[in-house]
Amino acid sequence: MKFDSIIIGGGVAGLSCAIRCAEAGLKTTVIAAGQSALHFSSGSIDVLSRLPDGQPVANPFEAFNSLKSQSPEHPYSKLGEQATRDALAWYQAMMDERGVYLTAQNDDSNHLRVTPMGTFRSTWLSQQTVHQFPLSDVAQGLDAVALVTIDGFRDFQPKLAADNLAKLPQFKGVTIKTAAVELPDFDTMQRNPCEFRSIDLSRVLRDETKLHAFAKSMIHQVGKVDLVILPAIFGNGDGAATIKLLEGLTGYKICEIPTMPPSLLGIRLEEAMKSHFKALGGLILAGDEVRRGDFENGELKRIYTKNHLDMPLIADHFLIASGSFFSRGMSAQRHSIEEPIFGLDMTDLPHRDHWYQPEFFAKQSHPFLKMGVTCNSQLQPSLHNQTISNLYCAGALLAHYDPVFEGCGSGVAISTGHYVAEQMIKAQRQTTDDKQQERTFA
Ligand SMILES: Cc1cc2nc3c(=O)[nH]c(=O)nc-3n(C[C@H](O)[C@H](O)[C@H](O)COP(=O)(O)OP(=O)(O)OC[C@H]3O[C@@H](n4cnc5c(N)ncnc54)[C@H](O)[C@@H]3O)c2cc1C
């Protein structure tokens, strides 16, 4: 099978690249072995919340120069501010068309979102159903909030979250209530304790009779508050619409926070991207896994997958966006770390004793989180020190940044995926022009 571009990995990096390629008319396929990190994420897009030295960042783009001087090899330092901004603007507009509205603060600064633990985390873009607490005035306009769950739901504990919220200086003077609202027939619907994760609840709450009963019970238990915070238990395609309906039924302003996985807020992004890619004519080989590839003269010629071991997939351009350890894009042995598909060149490895900080919650990043595939400024990796000209790398597999400590995971994934796509598109157009010229002169 021959494609213009083959994308290895179905996370936010791979899908961003794939969609942009398909938009430009490239025949594109995505090979995705398993679930992406989005199933575990908040569904908010972190762009840059902390510099590598630990300094908090209020406005990500204003911090790009400091980032470059602290970390010249950081993916953002390679892309630069404009390419990163362009990628995020493209992503916002593309998701907007799919009905997932992602917004930032008007002044381009980060905002805070509440975590399921009742702490704040800084991020840049959030979905329309997530309450944005501005950095400058966190509890702006709030006198009382309620943390509400479904009675018996295990993946969000409002009392724990309320205790933590109450300790935050920014919430001094704000009344914090909790409630566990009963869902009709909950006991009979729950066959075993593992059932009724967020995704199961979303199916139940699609039933308008149950949603009405839920709304009634909520009004009764919560009383007067300025904001109701619910765990994300509303569906993928229609979640935002259901919340609007619930707001109408209760009169409350309602927002969502992520739950323990599966995280519907993250899954919503993934579903929207996948359906858009398919609508553009893209092909997703879900559940297949790339095993190896053939390289000739500094180019990747073909790849072999679990399901196509004797029928290689061929393309002009390839992207590897197979994620970090979490998604098995990288694997660690006792004294080595490798990229398991092609064995691409990785960052220099210090002695194992220096892979992590002595304290888990350290003030600095754990070094193993910055390990990954090394690339040139075009995001092309190398194999045995030879640059592979038609292979690119994006997302969590890249070296020299820590998505968790620096709060930049999805931002790097989207912008590097988009940056690679633009290069593939340019190269493809160049090839078409060259062929056209050859034909003209022939
Ligand atoms: C638990 C968790 C929570 C996070 N929360 C947030 C958040 O709230 N906001 C934020 O901005 N960032 C967050 N991040 C960081 C961010 O989600 C990641 O940096 C980003 O999603 C990485 O995307 P990716 O596409 O590079 O990789 P991934 O999402 O890891 O996707 C990699 C894909 O490659 C596939 N793959 C692997 N090997 C192969 C193979 N051989 N063949 C084919 N496919 C393969 C995997 O199955 C997977 O589909 C979080 C990360 C984690 C781990």
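The values are calculated or read from the model by the stated rules, or taken from the named source; none is laboratory data. For clarity, every value in this text was computed on a predicted model and none was experimentally measured. No Cβ is skipped: glycine too gets one built from the backbone with ideal geometry, and neighbour counts run over all protein chains shown.
Observations
- Here Met260 clears all of (1) crowded, with 19+ Cβ neighbours inside 10 Å; (2) touching an Asp or Glu at 6+ places or on another chain (Cβ under 6 Å) except the condition numbered (1).
- One residue stands out among those in the stretch 7-56 that are within 10 Å of the ligand (Cβ to nearest atom) and more than 14 Å from the chain's Cα centre (by Cα): the one that is surrounded by the most Cβ atoms within 10 Å (Cβ to Cβ), which is Ile7.
- Lone unmet requirement of (1) assigned by TED's automatic domain parsing to the domain that holds Ile31; (2) surrounded by fewer than 18 Cβ atoms within 10 Å (Cβ to Cβ) for Lys224: (1)
- Residue count for the stretch 54-74, restricted to those that are modelled with pLDDT of 95 or more and either farther than 19 Å from Leu125 by Cα or not assigned by TED's automatic domain parsing to the domain that holds Asn376 (or both): 11.
- Those residues of the stretch 333-354 which are touching a residue at least 12 places away in the same chain (Cβ under 8 Å), loosely packed, with under 14 Cβ neighbours inside 10 Å and part of a loop (DSSP other than H, G, I, E, B), in sequence order: Arg334, His335, Ser336, Gly343, Pro350
- Among the residues of this structure, Lys216 counts as one that is among the charged types (D, E, K, R) and at pLDDT 90 or above.
- Residue within the stretch 359-367 that is part of a strand (DSSP E or B) and in the same structural domain as Ile303 (by TED's automatic domain parsing) present: no
For (1) of a type in the set (Gly, Ala, Ser); (2) within 14 Å of the ligand (Cβ to nearest atom); (3) surrounded by 15 or more Cβ atoms within 10 Å (Cβ to Cβ); (4) free of Cβ contacts under 8 Å to residues at least 40 places away in the same chain, each residue gets a yes or a no:
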residue: Pro72; (1), (2), (3), (4): no, no, no, yes
residue: Pro75; (1), (2), (3), (4): no, yes, yes, no
residue: Lys78; (1), (2), (3), (4): no, no, yes, no
residue: Leu88; (1), (2), (3), (4): no, yes, yes, no
residue: His131; (1), (2), (3), (4): no, no, yes, no
residue: Asp143; (1), (2), (3), (4): no, no, no, no
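- Filtered residues of the stretch 126-140 (kept if in a strand (DSSP E or B) and of a type outside the set (A, V, I, L, M, F, W, C)): Ser126, Gln127, Pro134
- For the stretch 333-373, filtering for residues that are of a type in the set (Phe, Trp, Tyr) and within 13 Å of the ligand (Cβ to nearest atom) leaves 1.
- In the stretch 314-332, residue farthest from the ligand (Cβ to nearest atom) [restricted to those that are part of a strand (DSSP E or B) and buried (at least 21 other Cβ atoms within 10 Å of the Cβ)]: His317
- Selection of the stretch 388-404 for residues being within 11 Å of the ligand (Cβ to nearest atom) and over 11 Å from the mean Cα position of the chain (by Cα) yields Cys393, Ala394, Leu397, Leu398, Tyr401, Asp402, Val404.
- Matching residues, the stretch 231-243, being outside any helix (DSSP H, G or I) and of a type in the set (A, V, I, L, M, F, W, C): Ala232, Ile233, Phe234
- Only one entry of Asn385, Asn376 meets the criterion of being more than 12 Å from the ligand (Cβ to nearest atom), surrounded by fewer than 20 Cβ atoms within 10 Å (Cβ to Cβ) and within 25 Å of Glu81 (Cα to Cα), and that entry is Asn376.
- Of the residues making up the stretch 244-277, those that are over 19 Å from the mean Cα position of the chain (by Cα) and in a helix (DSSP H, G or I) are Lys244, Leu245, Leu246, Glu247, Gly248, Leu249, Thr250.
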